[in-house]
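Here's the structure we're looking at; comments come further down.
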Amino acid sequence: MSARRGIAAAVGAVVLLSLAACSSAADDATARSIGVLTGPTTTISSSPTTTTTPPPCDPRQSFAPEAGLPTPTVDAIRARGRLVVGVDQGTLNWGYRDPRDGTIDGLDVDILRQVARAIFGSDPDAHLEFRTLTTAERTKAVKSHKVDMVASLLTATCDRWEDVDFSTEYYEAHQDVLVPTDSPVHTVADLAGKTVCATRGSTSIVKIRSQVPKAKIYPVDTRADCLVALQDGRVDAVTSDDTVLASFQAQEENDNTRLLGQPLETEPYAIAIPKSTSTHEDLVRFVNGVLDGMRSDGTLEALYRRWLGVDAPPAPPTPVYGR
């Protein structure tokens, strides 16, 4: 058995036994340093009455990094001495707790380490405070200022932009469907009348309901619950991002599952950050500067290769600016 297989099997066992969150009350400094933007306004002219039409939303579009701007939020985090981050602890290669030493590792976690390094200098782990979150808790934790940011296979969407800000996209995933190898389901349409598992608060539930209205949705709180339900025969399929489904397959010793290979939707992963009263959204711009540096010097591609191996994409997505 390879070292990666050994970790995968152990992680699978730990995940299936318990995914208890290790979060604690948020530091008041986070709430003080990160505020809430006022909502968009409607412009009304004199007779005849007209209203401005907002431009089409692009969830990938974020705030450009700009040198020389004030950084009150970043400064407050640096003065506090720690960066509070929300992560997953049960998705192999992305955010998982290593059963050998209890550390949290993965691609998402290493990206957050780069952000902490940019804020504090060397030894980022000494300044990182992890809060493990379920899928449904991710944006809620950001909006309520329980964390400074979340990187947890989180898709930037126009609806979520109403509640939180997002960095630029650092990975492009796709929603897919996982079924047992001997399943009669071979297309997305075949899911009609079948029981499909998905996590609460995910974009996967919304998309599968719209594409296959006759599918029976089996909602769960954690991603690993879907894998258990599939193994126990309580559901016919699992729908999630292909990254999550690949993690499930890596945790199994046998090739008992297969992907339909019919992507339902593109999922741009980005870091969620609380909305700020700062006119410059300084923390978002700061994080985007870190991601730009990681793209330029090859760090992001190196993390792809380290954690995803042969499944790594050829290059990171190009950032989109303009907000």
V177 neighbourhood, Cβ < 13 Å, K/R = +1, D/E = -1, net charge -3
Could you name the lysines whose alpha carbon sits less than 22 Å from that of K207, not counting residues in the same chain fewer than 8 places away? K140, K194, K216
Can you list the aspartates and glutamates whose alpha carbon is less than 14 Å from that of K214, not counting same-chain residues fewer than 8 positions off? D190, D236
Cβ-derived FRET efficiency at R0 25 Å, A312 paired with T277, nearest 0.05: 0.05
Going highest first, how would you order 73-80, 147-154, 109-116 by mean Cβ packing within 10 Å? 147-154, 109-116, 73-80
Just to verify a number: FRET efficiency for R323 and D221, C-beta to C-beta distance, R0 = 30 Å, to 0.05? 0.40
Only bridges with both residues in the range 173-266 count here: give the DSSP antiparallel percent, nearest 5. 55 percent
Kindly provide the pair-distance distribution of the range 173-266 built from C-alpha pairs, with 5 Å bins from 0 and whole-percent values in order of increasing distance. 3, 15, 30, 30, 17, 4, 0
Here the alpha-carbon Rg of the range 113-234 over 2.2 N^0.38 Å rounds to 1.29
Least to most buried among T266, T181, T257, by other C-beta atoms within 10 Å and fewest first, runs T181, T266, T257
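Please work out the FRET efficiency for the pair L259 and E66, using the Cβ-Cβ distance as r and a Förster radius of 41 Å; give the result to the nearest 0.05.
0.50
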Most exposed first, judged by fewest Cβ atoms within 10 angstrom, K275, K214, K140 run K214, K140, K275
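Bear in mind that the values in this text are calculations on the coordinates, not laboratory data. Because the structure is predicted, anything quoted here is derived from the model rather than measured. So basically every Cβ, Gly included, is an ideal-geometry build from the backbone, and we count neighbours across all protein chains shown.
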